[in-house]
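Report on the structure given below.
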Amino acid sequence: MSDLRELYQQTILDHTRKPRNFREMPDANRAADGHNPLCGDKLKLFLKIDDQGIIADISFVGSGCAISTASASMMTEALRGRRVAEVAELFAKFHDMVTRPLDEQQETEALGKLAVFAGVREFPVRVKCATLPWHALQAAIKKDHVPVSTE
Amino acid sequence: MNASTSRQPRRGGRSESEPPPGAFNPAAIRADFPLLETTAHGKPLVYLDNAATSQKPQAVLAALVRYYSNLNANIHRGIYQLSAAATAAYENAREKAAQFIHAPSAREIVFVRGSTEAINLAAASWGQGHVHAGDEIILSEMEHHSNIVPWQLLARRTGARLRVLPITDAGELRLDELENLFTPRTRLLAITHISNALGTVNPIREIVSQAHARGVPVLVDGAQSAPHIPVNVRDIDCDFFVFSGHKICGPTGIGALWARREILDAMEPYQGGGDMISSVTFEKSTWNETPYKFEAGTPNIAGAIGLGVAIDYLTGIGMDQIERYERELLAYAREKLSAIDSLRIIGTAKDRAAVISFVMDGVHPHDIGAIVDGEGVAIRTGHHCCQPVMDHFHIPATARMSLAFYNNRQDIDRLAAAIEKVKEVFV
């Protein structure tokens, strides 16, 4: 079970039980769906990006496993106030952390609290869970001012 | 080993490790399955994902090695002894498959990769001649995606439409609705025998008889019934029946489509190639007879032979014995799991087999699966290729344990203990 404790860190469980920024955003100017058909995880990510390219607000709704929910929750906390331009590099670092062997790891300081997801590396099937919100984020950023519909 | 090996499938299932005739001996049966001796995360493996695939007894593994060691040659048309022996073994497996489901003739058994391919074959070849724009095919809400999507593809090609028999909140078919779904345009009813997501055993005879009263043929998806209950297609009186070899202790990549001879004879071929033809010229080709016209190319010879041995193994134990033992074990599992507070069983039909789907308050099924895996217990989590079922119950996924005759009460106890760990982590 030691490995599993690495995965299910207290911080992660806390964010699973009480996800932060868990709300719809009627005035969002970007949104995207993230869907992991394998496990049925579904989330919708909302962004408000201002004229300076800064993420003024970010939120999500949906249902997923502990890892994807906590990842979405902590991602929204980490990104509010950051520049959109920083996202790609941050995701690359996060992706490295959860996929590469320990001895090939880059420093994870830049990831701050997100480093708590390092345990995912031992569970390759959970990488999709941890990265689902990030993929949705990238899709949202790429979209050109997609109006948020109720679908 | 040549002429003798050609007869080996007849004996193969029993030669390795035969359970005592007439007596169901779970310990002896368990010892036949090498994989059940392995560990997961350093703990003895408890395998409870049998609805996905079954483990293989030593007899089947040995048959595959024997085939490739002593009998490997391409079948049909070979003039030499080895080819003739391989052909005999392959055709012998067809006989066994026919007997397993009590089909009137082995010529009505088409070897395919599995249930999925069998349904695709029926949809493509039978559908081509029988389903046209405006026609209707009835399915149920509890179908596996493999008994939905092939019909959807057919409907898209032809302009036909699908009609869906709903289920109740217990996970039973709404048979009261069936009569309303039949119209003069109904061409087929395609329905599962046992639900892989809920374990519901459908009253298949009643359904077939209702459809036949309207002149509608029935395809029965037997992927989950063939492993757990005796199947008799003459008794069910269906028109098509499909099952997968890998779910009944056989190798992957082999399964069977059974259909009535006159139906198969009237169907167009599925794929074109060698072995499925009678004659070929650039102007015109004519087809081989049933079932060969559906088996283009070199088939899965080893797989078929392995399936034959698996069938010998199961019938050696007795499908009625297997059914009885599994029902007792399922009742035990239901009792054990029901006693866990915060756990809710999805699918409470009166007649169920081998499967318990469940959810837990505040814990996503994926996390349940990961934590019980850490305890060495393999269960499946997700939508089980039954998204309409998940939608019915307004859940994204379930955790599912599915048992086989080689499971025992200790396996269920280990699962229950592992679920306690889930609660420790999440509560």
Worksheet item: Would you call residue A:81 on the phi > 0 side of the Ramachandran plot, of a type outside the set (S, T, N, Q) and within 14 Å of chain B (Cβ to nearest Cβ)?
Response: no
Worksheet, complete the sentence: Taking first residues from segment B:104-122 that are farther than 21 Å from residue B:191 by Cβ and second residues anywhere that are part of a helix (DSSP H, G or I), the pairs with Cβ under 6 Å that are 6 or more apart or on different chains are B:106/B:94; B:106/B:95; B:106/B:98; B:111/B:304
Item to complete: Identify, by number, the condition in (1) in contact (Cβ under 8 Å) with a residue 40 or more places away in the chain; (2) surrounded by fewer than 20 Cβ atoms within 10 Å (Cβ to Cβ); (3) over 12 Å from residue B:48 (Cα atoms) that residue B:353 doesn't meet.
Response: (2)
Discussion item. Residues to consider are B:223, B:302, B:256; find the one that is small (Gly, Ala, Ser) and in contact with a Lys or Arg (Cβ under 7 Å, 6 or more places away or on another chain).
Written reply: B:223
Practice prompt. Could you pull out the residue among B:409, B:414, B:334 that is of a type in the set (Lys, Arg), surrounded by fewer than 22 Cβ atoms within 10 Å (Cβ to Cβ), closer than 17 Å to residue B:200 by Cβ and more than 10 Å from chain A (Cβ to nearest Cβ)?
Written response: B:334
Worksheet entry | Identity of the residue in segment A:1-14, under 18 Å from the mean Cα position of the chain (by Cα) and surrounded by 18 or more Cβ atoms within 10 Å (Cβ to Cβ), that ends up nearest to the other protein chains (Cβ to nearest Cβ) | A:8
Item to complete: Among the candidates A:108, A:99, single out the residue that is away from every other protein chain (no Cβ under 13 Å), more than 27 Å from residue B:381 (Cβ to Cβ), surrounded by fewer than 24 Cβ atoms within 10 Å (Cβ to Cβ) and touching a residue at least 12 places away in the same chain (Cβ under 8 Å).
Response: A:108
Item to complete: Can you run down the residue pairs with Cβ atoms below 6 Å, 6 or more apart or on separate chains, where the first is in segment B:375-400 and more than 8 Å from chain A (Cβ to nearest Cβ) and on the phi > 0 side of the Ramachandran plot and the partner is buried (at least 24 other Cβ atoms within 10 Å of the Cβ) and among the polar types (S, T, N, Q)?
Response: B:384/B:196
Fill in: Single residue of B:320, B:361, B:351 found to be within 14 Å of chain A (Cβ to nearest Cβ) and charged (D, E, K, R)
B:361
Worksheet, complete the sentence: Those residues of segment A:31-78 that are out of contact with any helix residue (DSSP H, G or I) (no Cβ under 7 Å at 6 or more places or on another chain), within 20 Å of residue A:15 (Cβ to Cβ) and away from chain B (no Cβ under 14 Å) come to a total of 4
Response to the item:
If you go through B:208, B:242, B:220, B:231, the only one that is without any contact (Cβ under 8 Å) to a residue 40 or more places away in the chain and within 13 Å of the chain's Cα centre (by Cα) is B:220
Practice prompt. Please go through segment B:43-87 and pick out each residue that is aliphatic (A, V, I, L, M) and touching a Pro at 6+ places or on another chain (Cβ under 9 Å).
Written response: B:51, B:60, B:61, B:63, B:64, B:75
Discussion item. Restricting to segment B:220-250, and then to whatever is of a type in the set (Val, Ile, Thr) and over 16 Å from residue B:50 (Cβ atoms), can you tell me which residue is surrounded by the most Cβ atoms within 10 Å (Cβ to Cβ)?
Written reply: B:242
Practice prompt. Give A:72, A:115 a once-over and let me know the one that is closer than 19 Å to residue A:19 by Cα and modelled with pLDDT of 95 or more.
Written response: A:72
Item to complete: Please work out if residue A:17 is away from chain B (no Cβ under 14 Å) and basic (Lys, Arg).
Response: no
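One line per residue, one yes/no per condition, for (1) among the small types (Gly, Ala, Ser); (2) in contact with a Leu (Cβ under 8 Å, 6 or more places away or on another chain):
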residue: A:12; (1), (2): no, no
residue: A:23; (1), (2): no, no
residue: A:47; (1), (2): no, yes
residue: A:53; (1), (2): yes, no
residue: A:62; (1), (2): yes, yes
residue: A:88; (1), (2): yes, no
residue: A:100; (1), (2): no, no
Discussion item. I'm trying to understand the selection: among the residues of segment A:122-146, which are basic (Lys, Arg) and more than 14 Å from every other protein chain (Cβ to nearest Cβ)?
Written reply: A:142, A:143
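The values are calculated or read from the model by the stated rules, or taken from the named source; none is laboratory data. Predicted model, so just to flag it, every value in this text is computed and none were measured. Positions of Cβ are backbone-derived with ideal geometry, glycine not excepted, and every protein chain shown enters the neighbour counts.
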